[in-house]
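Presented below is the structure to which this report refers.
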Amino acid sequence: MKTPDAKRRILRSGKTLWNLADALKAGSYQAFEKALGKDTQEILEEIFLSGLRGRGGAGFPTGTKTKAVHTSNTHGCSYVVCNADEGEPGTFKDRILMEEDPHLLLEGLLIASLAVRASHAYIYIRGEYGRSIERLQTAIDEARKASWLGEGIRGSSFSLDIEIMRGAGSYLCGEELTLLESLEGKRGYPRIKPPFPAEKGLWGKPTLVNNVETLANLPYIMMHGAAAYRSLGTEASPGTKLVCISGDVKNPGVYEVEMGTPLKDIIHGPGGGSREGDEICFVLLGGAAGTFASVSQLGIPLCYDALRKEGLSLGSGAIMVFGKNASLKDILQNILGFFKHESCGKCVPCRTGTYHLMQSWIGGCTNNQGERKKLLPQLVAEARNIAQTCLCPLGQSPVMPLESAMKNIIELMD
Amino acid sequence: MENTDEIIRKYPPAREYLLSMLHELQDADPGKYLTEASLTRVAEYLQLNKAVIKGVADYYSMLSQRPRKKLLLQVCGSLMCHHAGSAELYTRLRSRYGHHPLISLAHCECLGQCQQAPAVQLDQEAFSGADIVELIRSIDKKTASDENS
Amino acid sequence: MSRNVSVEINGKVFSLPEKTNLLKSLRDAGFDVPGLCYHPRISPTGACRLCCIRIEGLRGISMACTLEVKEGMKMITTDEELENLRRVNLEYLLSEHKDEEDRSTFDELAELARQYGLDKPENRSLPNICDALDFPSDHSSPVLTYDGNKCIKCFRCVKACAEIQGKEVLSMASRGITSYIVAGFGVWGDSECDGCGECIQLCPTAAIVEKPHRSEIDVYNSEKAVRTTCPYCGVGCQLELWVNNNKIVRASGTEGLMPNDGRLCVKGRFGYEYVGHPDRLTQPLIRKNGKLEPAGWDEAIALVASRFGIIRDTYGKDALAGYASAKATNEDNYIFQKFIRMVFGNNNVDYCTRLCHASTVTAMIRSIGDGAGSNSIADFESADCLFVTGNNIIETHPITATYVKRGAAKGQAIIVVDPRYTPLVRYAKVWLQPKLGTDVALLNGLIHVIIREGWIDQTFIENRIEDGMQAFLGLKELVSRYDPAETERITGVPARLIEEAARIFGSAKNAIIATGMGMSQQVTGTHNVFSLINMMLITGQVGREGAGINPPRGQNNVQGATDVGCSPMMYPGYIPISDKENRRRVAALWNTDVEKLDGRPGLTTVEIVHAAHEGNIRGLYIMGENPMMSDPNLNHTREAFEKLDFLVVQDIFLTETAQLADVVLPATAFAEKNGTTVSSDRRILRTRKAVLPPGEGRQDWQIILAIAAAMKSDIGHYSDEAAIFDELAKAAPIMGGVSHARLENEELQWPCPTPDHPGTPTLYLDRFNTPSGKARLFPVDHAEQNEKTSTEFPFLLNTGRILYHYHTSTMSRKSEVLNAFANEAFVLIHPADAFKRSLLSGQKIRIYNDRGSIEAIVKTDEGVLEGELFMPFHFTESRVNMLTRDELDPFSKIAPFKLSAVNIEKVTS
């Protein structure tokens, strides 16, 4: 049986790792130096064999994506973009990583840029994350001064500059194509897919877009090799995962757990279980665009496939635990209000659909519990319609909490 | 206006710096907002038309085209904070600062402080849990001295 | 063209063009797939989600508009679920939309709602949220209104503005459900919108509609829409005139046809007002006791015939001359030059081309053989490099400029040479700002760098230039002294910019040159263009597709009027009159005696004025020209016209020139004519009659024939304009294969010598049109200008045009819309000069020199150099040509409108 808090690979111990000196003591940039000695194909292969999957929520194999960018980069111009637009409610792992260990992210970016021969990388970060921005900027400045960034790094022919681009308040910009639009200084509208960023990304050039946590995995993989990386986790979901436990537990926070750890072991282990006098009633996995799980479902191991089989999702790693005082009615209203607010307005079903969903639920909330239970399936049907024809993942999201609430915990409706 | 130009010219005249410019202009403005005058200067500098700049400024919820007061106090209204009573917190803050001459009170998006919900933000800095009580105390102290000065 | 591939649609196999937009291909193949945000002229948006289809192998539902046709695709375009999803999305749209019938525009949303039975509110399941959303409206633009309640946020207007017109004036504002369209900061009238109305044309609902005549338009009961050619500028845009009760109520661009593929500018879309304007001439006027009095046609024609006859009999045939018209059709102009040559018996026929591109044409004919543009308009988009010199193309040729801007968006490198800022600078890689009158030096400087860096095309020089490398060495020798430092000294252009521009042009794969009035309207006009052609020739940027030189023409038929023989030296089709064999051929066609055709070149425009001043020209026949605005040194022109024994002006308004006439003959406007014009890219385009002329206005060619008949000359009988064109085709070999009938279905660019010839998009592919078939280099040196500043006249005045007005503005200033954008003369001055003279923007100043004095509002502008001024020539109350010179370029006889020494002073009221 897998146990939580096994070997940590991402969350390194050390109180002041944001200082370059301390980071170097903790081993920062050794993996990158090792990568500098390898040829590009070796790096790509190592990432590919590690089986690392994107930690932003979609779980797409990182190696495949990296290879695709490398292949598309026929004109010697590609970009690496770090998606640090951590806007999913209940998610704060990237913030912790950036605030406490920014050099780990920079090292991951260095390795990724080396792999796709990019000389310019961007960190697109939520505008709300003031401290992360500060810490990262300091780290970049220090790294540049110490020649871990800039022209001809460590005497090699490899050059990389990293720029921080600050978002300004848009959940949708966490979607990779929308993020690129925003990075180009435009309104955050999703682009039509295909082409994917690996083919035509930033300014039409091949672009590797990776989540903070994904990039933070690369130094370990480079340092210890794919086989070592695969020694943790499951066959299809190797490695560890940062989870963000919040809500009605004793010890909310970010924890690194091995993939495949049962949910309840996480909630009761590092999460500390429910507080005195309370009990866990249901869990929302993956944030607002996530799924509700009942207490009876918490035996499921935390990995992409097992959760998907159950109709649940890992998303970005948010585990929001709700106890006796939780109001499912209010939670759903908050979620629907969130999507209405964050819909960019480009496509019809999402723009108007999220509005009507919200209005219907508000209407329903003035009614009694029985009516609300009847209303939920109608909303699910409407949300399904939206999900079927909408342009981007945002419109596909409302159906997830609505449907899972209906299937798994409708009896808890207040 | 001179200050506006100084800020704008720190960036290359390329569209990707638009959001950065708007952030900085807003922070530097005494009213903590984007004036039409500064948007016009940005448009000229980037050789873009006014609507393009306005469109971007409109889209992002952190950017404001209406003046605000000296201190911007925002309460996270996101799911976990909501569950942890941010609505009540907001009500309490409103009764305290609703008509305060130096404080604008508003809601904001998730601040990534869900482990210590509810969270608030004063200008660019996030506070949560027990820190909020401390924050309120320091705001009161600061605004009292500002009002007197 | 893409190849066809087979795809399976709803179980049947179809052949569709590969890689084309799937929604468009499906619709072309007859499938009625709904969709409101897609338009074939813009990139796919994927916003309305109505074109949902099912594609085998793709998960879920796909949007046809976001896919391309691929071999072997299998798809379902309609089934119960798809129709349900469309219905759901349509309901969503209707829920945020205000139902309100507006019959002035074709409402695609309303039409779809009817199809899905959702036009009746009782069939809808969602509440209407429009009122709650409180969308804004904007009525501040002079040309259009925006109503957010009817807007479906399809992005078609935003993309029409950005992608089709290259302007990006519009944006979506707000976010999510409250999104709406915005121009400027929310006040359309204060935005950068120039009123082209492309957004109106693409709006699928009644959200953006034009203001003029809105109440008079009913698209469901429209009388007729006539396809014709725009009467403004030389682009030749194809448009449709909507007519109600013999009145034009709308103009819209014709999509799918070149040269404009539906695009129009503000003049083309809204400038038609003059046609039905109350100031139109409705009957002949005869000067009696010093005043112009209405008269009958018979009296007027008889008077004209007898007075011309008396002058001919008294002073000889050389005492008569005529101005043809750059605004009249080929057919009118053909008959006019035939009249001059057969009835006046001389070659004194010219028109305002002499004042615009005569020098360009002179240089081009001598160097490469033809005076017309060598390329098609679309090449302005596809070229890698565009060299624009003395051509404010965005304002003077707005639709050509759309191609340029689209090219720039794809990475085309634009070099702008202009002493003054023009809007194109914003799109340019390099802007060279030479002092007025230093173009030859600048171009020689560019050539110097090109040669020094070895960016020449030696194969081209050897194979396609007369005397090959030897001629090249002559040029090399001449430009050797124009090194960047010396060129900077003469022109004021920084050496590094000269190097940069030379690099861009010299290393371009395909370069297109656009040259305008800034080059041609100088005493050194011909030399300027020679230098330009030299640069083009040594780099081999001509003689193949996608490269060449193009002088965009200012008026709708400047090109055609010369093509059909309104030239003192040439018969229709550029056949020299001096050659007896040519005269014999023309005489045979015209059924006259060869000896009656004069072999001596006639007088050019300004020469005619000089001759009138000296008493050598006694009678003048002006058709549709307004020299009292457009000629240089207007006081001199006025004196000349006043000295004439007899002046006949045939026009549609009582122009500044007509006011001096002895007889004024009311003619017809473009919308009242049948015929053809020729665009800047040699495209022969049909003008079609949409309305009847007011009062007793007659066709120009019929008036001319009536005068000829009254003078007892038979110059031909024609059943209609098509018959005139048939004779023209026989006279001009370049149009030998063209007829009105062919033009109904074909787009033809001359030369088109035979009925089976497809026309010629690019000139000189095999040979140049010179006797040797090769191009010629004409090395020329920089020459100091005679006109210099002095303490008395310390400023150099430049003149030009603006977007909203056209030529002498007899037509454009009749439009309330155009006047709303610009209706006041102004002069641009550098802020430093304004400071020195204590002038503020908006103050009235007097601009004067020995030739004249005018007043205008001053505007400070960093776009002009210190010591230089700029003024548009459209405004009759401030006729800038009072100040210009009639000293001529010795080769082309063009006048130097671009350089006059003047002084200014504040007008104190």
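Computed from the coordinates by the stated procedures, all read-outs in this text should not be read as laboratory data. Only a predicted model underlies this, so the values are computations on that prediction, with no experimental measurement involved. A quick note on method: Cβ atoms are made from the backbone with ideal geometry, for glycine too, and the neighbour counts reach across all protein chains shown.
Observations on the structure shown:
- For segment C:847-858, Karplus couplings with θ = phi - 60° (6.51, -1.76, 1.60), whole Hz, Gly/Pro x: 10, 8, 8, 5, 8, x, 8, 9, 10, 7, 7, 8
- Modelled label positions at C:Glu545 and C:Thr314, each set 7 Å beyond Cα in the direction of Cβ, lie 6.1 nm from each other.
- Alpha-carbon spread of chain A, three principal axes, descending order, Å: 71, 45, 36
- Average silhouette area of the protein assembly as shown, convex hull of alpha-carbon atoms, in square nanometres: 59.7
- Coil-residue trypsin sites (Lys or Arg not before Pro) of segment C:354-410, DSSP, other Cβ within 10 Å capped at 13: C:Lys410
- Rg in Å to one decimal, and Dmax rounded to a whole Å, for segment A:119-193 via C-alpha atoms: 14.5, 41
- ³J(HN,Hα) computed for each position of segment C:328-339 - Karplus, 6.51 cos²θ - 1.76 cosθ + 1.60, integer Hz, glycine/proline x: 8, 7, 4, 5, 4, 5, 4, 5, 5, 5, 5, 4
- For C:Arg227, residues with placed amide H under 5 Å, excluding near neighbours: C:Leu241
- Chain C: angle of helix C:439-452 to the longest principal axis, Cα-based, in degrees nearest 10: 70
- Taking Cα atoms only, the orientation of helix C:721-731 departs from the longest principal axis of chain C by about 60 degrees.
- Calculated SAXS-style log₁₀ I(q)/I(0) at q = 0.12, 0.18, 0.20, 0.25 Å⁻¹ - segment C:1-56, Debye, Cα scatterers: -0.28, -0.64, -0.79, -1.16
- The GluC sites (Glu not before Pro) of segment A:205-292 that meet both conditions, a loop assignment by DSSP and at most 13 other Cβ atoms within 10 Å of the site Cβ, are A:Glu235, A:Glu276, A:Glu279.
- Look at C:Arg156, A:Arg154, A:Arg275 and count the other Cβ atoms within 10 Å of each Cβ; fewest to most, that gives A:Arg154, A:Arg275, C:Arg156.
- Nonlocal amide H pairs with C:Ala413, under 5 Å, H built at 1.01 Å: C:Cys385, C:Leu386
- Each of C:Thr524, A:Thr71 was scored by other Cβ atoms within 10 Å of its Cβ. Listed from fewest to most, they are A:Thr71, C:Thr524.
- Per residue of the protein assembly as shown, the DSSP helices (runs of n ≥ 4 H) give a summed -39500 (n - 2.57) that works out to -10000 deg cm²/dmol at 222 nm.
- Helix C:580-589 and the longest principal axis of the C-alpha atoms of chain C enclose an angle of approximately 60°.
- Within 10 Å of each Cβ in A:338-347, the average number of Cβ atoms from other chains: 6
- Förster-model FRET efficiency, 60 Å R0, B:Ala28 and C:Lys224, C-beta, rounded to 0.05: 0.50
- Residues with amide H under 5 Å from that of B:Ala106, placed H, sequence gap 5 or more: B:Leu73, B:Gln74, B:Val75
- Tensor-based shape of chain C (alpha-carbon gyration tensor, a/c under 1.5 rounded, otherwise prolate or oblate): prolate
- C:His213-C:Glu100 FRET efficiency (beta carbon distance; Förster radius 22 Å; 0.05 resolution): 0.70
- For segment B:71-147, the Stokes-Einstein estimate of translational diffusion at 25 °C and a viscosity of 0.890 mPa s comes to 200 µm²/s, using the Kirkwood hydrodynamic radius over alpha-carbon pairs.
- Percent of C-alpha pairs per 5 Å bin, segment A:184-229, short to long: 6, 17, 17, 18, 14, 12, 10, 6, 1
- Between the C-alpha center of segment C:305-323 and that of segment C:4-22 there is a gap of 70 Å.
- Cα gyration tensor, segment A:5-230 - rounded (a/c under 1.5), prolate or oblate: rounded
- Kirkwood-type hydrodynamic radius, segment C:409-452: 11.5 Å, calculated from all non-identical alpha-carbon pairs.
- Helices assigned as whole DSSP H runs in chain A whose Cα atoms extend at least 27 Å along their own long axis and whose mean Kyte-Doolittle hydropathy is -1.0 or higher are found at A:369-389.
- Gyration tensor (alpha-carbon) shape descriptor, segment C:89-245, a/c threshold 1.5: oblate
- Listed residue (C:Ile549, C:Val425, C:Gln458) projecting farthest to the positive dipole end of segment C:358-550, Cβ model: C:Val425
- Karplus 3J(HN,Hα) series, Hz, for segment C:64-81 with 6.51 cos²θ - 1.76 cosθ + 1.60 (x for Gly, Pro): 4, 5, 9, 10, 10, 5, 10, 3, x, 4, 10, 9, 10, 9, 8, 7, 4, 5
- Choice from A:Trp148, A:Trp203, A:Trp18 showing the highest fluctuation, given a GNM over chain A with Cα pairs closer than 10 Å: A:Trp203
- Rh (Kirkwood; distinct C-alpha pairs) - segment C:772-875, Å: 16.1
- Stretchable slack from C:Glu8 to C:Asp579, in nm (0.36 nm times residue separation minus alpha-carbon distance): 199.0 nm
- Taking only the alpha carbons of segment A:328-412, we obtain Rg and Dmax values of 11.9, 36 Å in that order.
- Fewest-first ranking of A:Met165, A:Met98, using other Cβ atoms within 10 Å as the exposure measure: A:Met165, A:Met98
- Computing FRET efficiency as 1/(1 + (r/R0)^6) for A:Gln369 and C:Lys509, where r is the C-beta to C-beta distance and R0 is 45 Å, gives about 0.05.
- Over 19 Å between alpha carbons, listed pairs C:Lys435/C:Lys893; C:Lys836/C:Lys859; B:Lys32/B:Lys70; C:Lys327/C:Lys405: C:Lys435/C:Lys893; C:Lys327/C:Lys405
- Distance between the 7 Å Cα→Cβ label points at A:Glu33 and A:Lys250: 4.3 nm.
- For segment C:822-909, the equivalent ellipsoid derived from the alpha-carbon gyration tensor has semi-axes of 23, 14, 12 Å in decreasing order.
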